[in-house]
1. Spin-label point model (7 Å from Cα, Cβ direction): what's the residue 129 to residue 182 distance in nm?
2. Expressed as cubic angstrom per residue, what is the convex hull volume of the alpha carbon set of the range 176-241?
3. Nearest 20 debye, what's the magnitude of the dipole of the range 240-379 about its Cα centre given +1 on Lys and Arg Cβ and -1 on Asp and Glu Cβ?
4. Sorting 366, 337 on the 10 Å Cβ count, fewest up front, what's the list?
5. Given points 7 Å out from each Cα along the Cα-Cβ axis, report the residue 222 to residue 261 separation in nanometres with one decimal.
6. Taking the C-alpha atoms of the range 22-65, how large are the radius of gyration and the largest Cα-Cα span, Dmax, in Å?
7. Using only the alpha carbons of the range 284-392, determine the length spanned along each of the three principal axes and report them from longest to shortest in whole angstroms.
8. Can you give the charge dipole size of the range 286-329 about its Cα centre, rounded to the nearest 20 debye, using +1 on the beta carbon of Lys and Arg and -1 on the beta carbon of Asp and Glu?
Amino acid sequence: MRLSMLIVLFAATAAFGTPHVANGPEPAEGVVDLRLEPVWEVGGEDDEETILGLITQIIEDADGNLYLLDRQLSQVSVFSPDGEFLRALSREGDGPGEVRGPNDMFFTPEGDLALMQIFPGRVVLIDTMGEPRGTFPYATDGSSFAVLVRGVSSGGTLALAGINQNFAGGQLTQAYFLSSFAADGSVATTFVEKANTMNFGAMVLDERSVDFPWSRFDIDASGRLIVAPSRDDYLIEVRNPDGTLALSFDRELEPWARTETDERRIHQALEAQGRNYPAPPEITYEDTEPALNSLTVLEDGSIWTVTNRSLRSRAPGVAIEWDVFSAEGGYLRRVRLLGDADGLDDLIRILSPDRAIVVRNFWSALASSRGVENDGDEDPSPMSVISCRLVP
């Protein structure tokens, strides 16, 4: 479907309520190939100065400095745009500015760096030089055990995704949430929520029951939340800061039937999660992969998604593929990234249309940290971080 037809469809649906853009399977501008051009690299076998544990998040400040969150070392390493090491922030502990096993980080509207501890869920604040700035006053109702998984802040909206858990009568009641929060820590808007109950007498860890859009949301520069709430549908919603639906869009995409390798990976992931429970649970999972793996909004408002096929049906030499949508929901192009990387084992993070970060050996390192046997070598190769230009 051509972009002009999408605009007509957008206008027509706007006349009857919330706009919806129904995209076809092919992008308006076709397929665009970009090539990875490494600029600098830290870590890996040949770097004797840089020690990397498990890098789980990378963000960039206004000056182009990169902040690498290391869950294993409980610290943030800061590098200049040309790869010079500048400083290390935070450390493992419970004191001011300290954190244990952080999973995510983001800049607050005030410019502080927020480090998210998974469990017990807390958000530790430091400035960009490492000085403690207290904690973000997120809190449960006092009867819950909080798990914080992900946080994003942009355009005045600060959103956290996590789980409030209660134990009672031999059951674990879980309240999943994706909500924005006011400066005092109170919930401003809940965008997505679900409930799940697990019986300790007959523990079942079911993939569909624990699915949530952890990696399928972002916030644009105007503070709107862009989220793919459904596991199976290629449907993306754009919600205003007050939670109202501004628009939605989709595109045609066939389900991906899981291969033996896919099934082994999801079983291993759920098995690792099951170690957090008092008794080993029965594990069940779906026959197909989720429609979307991840969703990222860039500064220009474009929305980049990784689909179930982006990592699995690639041509030789293609590291990953992205679907790129306009801020209005039109399917613009499919970007194929060519170069020495593998999206099934390397974390490839898009920062701008001409820049990306490759975290080499990310998925094997993550599996190893969870006590999961790797598909290949017993000892995974050392993790490294590569800053790359994207060139035609």
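1. Between residue 129 and residue 182, the label points sit 3.3 nm apart.
2. On the way: hull volume 6.5 nm³, N = 66.
Each residue corresponds to 98 Å³ of Cα convex hull volume.
3. Numbers: 15 positive and 27 negative charges, 64 e Å.
With Lys and Arg at +1 and Asp and Glu at -1, about 300 debye.
4. Details: 366 21, 337 25.
Ordered by Cβ neighbours within 10 Å, fewest first: 366, 337.
5. Label-label distance for residue 222 and residue 261, simple model: 4.1 nm.
6. Every Cα atom of the range 22-65 included, Rg and Dmax give 17.9, 51 Å.
7. Extents along the principal axes, in whole Å: 45, 36, 26.
8. The calculated dipole for the range 286-329 is roughly 240 debye.
Laboratory data are not the source of any read-out in this text; all were calculated from the coordinates shown. Please read all numbers here as calculations on a predicted model, not as lab measurements. With ideal geometry, Cβ positions are generated from the backbone for all residues, glycine too; neighbour counts draw on all protein chains shown.
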